Amino acid sequence: MEQNATEPRMSRYLHARAAQRGLPLSGIFELTPRCNFSCKMCYVHLSAKETAQRGCELAAEQWLAIAEKARQKGMLFLLLTGGEPLLRPDFPYLLTELKKMGLLISVNSNGSLLDAQMLQFLKSEPPLRFNISLYGGCTEAYERLCGVSAFDAVFENIKKLRDIGIDVKLNASMTPYNETELERIYEIAQQLHMPIQVASYMFPPLRRDAEQIGKNDRFTPEAAAACAVRWDRLRFTPEKFAKRAEAMHAGLAIPEDDVCDRTPGEGISCRAGRSSFWINWKGEMTPCGMMPQPAVSVLEKGFEQAWEETRKAADEIRLPPECSACRLKPGCHACAAMCLTETGRFDCKPDYICRMTHETARLMMVKDEER
């Protein structure tokens, strides 16, 4: 049984129409940068002390006021994320009030804080979907990558969410610390009959540390490519894998399972700043959560002006011109956020992504008997 996280066709249609009309159909509220995990590759995680030194998290009423303005401008889909959003004591209140606005709410979580009280609340006020990060299939993997022995709790909580009727999607971030867990993660997804999205590329954490351009505690580009191809061989039949390999080498688009339709080109062609936005824990709007810039204060300028400025800034971004002529462009995942975090500029070719893409193309043509 193939597990994928393909987005519903209607959602894709709505986002395409929203982009044409300049409507903020999808929003992401980053409720906190704090987390009870300390994942080595995280792009945003700050301790409580670091958070206090850098600013103040928005209060619940501030988030609700922003949400109402965004709803009036066209927002329908809203993702609540962090950090770990369940660390906020007012999370139940926020979810309840946001649902009253008619918004379709999804939640990103590491799944460790779903105690009996929270599960009972979610049963009565279910979000549209819970996205749970699954970092491995054993305690040791969680200890290596996240610094906590949380696997058993997370695994049980995933099952409990399913048992109370909440739609769950699994996300897996692959790094040198948990690369041996890929097959086990896939087995768990199959066992639970849940869609899963796996990533072996980890963004440089510029939002956490501006000095980390092109750096992260992650795979080499070649190892990231090997992990990505390994994942494709797991989830696709040999026939489908072969067709994807042929498409990549023929310069044809390769269908993806994620909702971010990233393609390099003259300008941004994904949804960032076109039909979607991100508001960080301090109330700054950016096109995408991986980007530290362009950033517009929603608190100072209001939602409508922040959205218009974000749209304009996103429209003016230009990506590396040499990427447009690359034969592997249709199969490359390079985007504005990757260019910026890898090089410090939007218009500079991200060497890491380039190396990863070329190695992916090479490995996809390697026959089973040659591996």
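The values are calculated or read from the model by the stated rules, or taken from the named source; none is laboratory data. Here the structure is a predicted model, which is why all the values come from computation and not from measurement. Ideal geometry is used to build each Cβ from the backbone, glycine not excepted, and the neighbour counts take in all protein chains shown. These accessible areas exclude ligands, DNA and RNA; they are computed on the full protein's heavy atoms, side chains included. Shrake-Rupley method; radii C 1.70, N 1.55, O 1.52, S 1.80 Å.
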(Q) Restricting to region 311-359, name every residue that is more than 30 Å from Arg21 (Cβ to Cβ), assigned to a helix (DSSP H, G or I) and more than 21 Å from the chain's Cα centre (by Cα). (A) Glu322, Asp351, Arg355, His358, Glu359
Q) Restricting attention to region 156-181, which residues are out of contact with any strand residue (DSSP E or B) (no Cβ under 6 Å at 6 or more places or on another chain) and among the acidic types (Asp, Glu)? A) Glu156, Asp163, Glu179, Glu181
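Table: residues versus (1) free of Cβ contacts under 8 Å to residues at least 60 places away in the same chain; (2) part of a loop (DSSP other than H, G, I, E, B).
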| position | (1), (2) |
| --- | --- |
| Thr51 | no, no |
| Gln72 | yes, no |
| Pro89 | yes, yes |
| Tyr93 | yes, no |
| Leu98 | yes, no |
| Leu114 | yes, yes |
| Leu119 | yes, no |
Q: Can you tell me which residue among Ala325, Ala336, Ala361 is open to solvent by 50 Å² or more (accessible area, probe 1.4 Å) and of a type in the set (Gly, Ala, Ser)?
A: Ala325
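Can you tell me how many residues within region 84-107 are within 18 Å of Leu25 (Cβ to Cβ) and open to solvent by 30 Å² or more (accessible area, probe 1.4 Å)? Step through it out loud before you land on a result.
Applying the first criterion (within 18 Å of Leu25 (Cβ to Cβ)) to region 84-107 yields 98-99, 101-106.
In the following step, the residues that additionally are open to solvent by 30 Å² or more (accessible area, probe 1.4 Å) were identified as 99, 101-102, 104.
Summing the residues that are within 18 Å of Leu25 (Cβ to Cβ) and open to solvent by 30 Å² or more (accessible area, probe 1.4 Å) in region 84-107 gives 4.
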**Q.** The one condition in (1) at pLDDT 95 or above; (2) part of a helix (DSSP H, G or I); (3) under 29 Å from Phe346 (Cα atoms) that Lys215 fails to fulfil
**A.** (2)
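I'm trying to understand the selection: among the residues of region 175-208, which are charged (D, E, K, R) and closer than 18 Å to Met356 by Cα? Lay out the reasoning, then the answer.
Narrowing region 175-208 to residues charged (D, E, K, R): 179, 181, 183-184, 187, 207-208.
Correct list: Glu179 only.
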Q.
Taking the condition of being over 15 Å from Ala141 (Cα atoms), over 19 Å from the mean Cα position of the chain (by Cα) and either surrounded by 15 or more Cβ atoms within 10 Å (Cβ to Cβ) or in contact (Cβ under 8 Å) with a residue 60 or more places away in the chain (or both), how many residues in region 172-193 meet it?
A. 3
Q) Restricting the search to region 149-171, which residues are among the hydrophobic types (A, V, I, L, M, F, W, C), surrounded by fewer than 21 Cβ atoms within 10 Å (Cβ to Cβ) and more than 30 Å from Val229 (Cβ to Cβ)? A) Ala153, Ile164, Ile166
Q. What tally of residues in region 132-148 results from selecting those that are within 23 Å of the chain's Cα centre (by Cα) and either crowded, with 20+ Cβ neighbours inside 10 Å or charged (D, E, K, R) (or both)?
A. 11
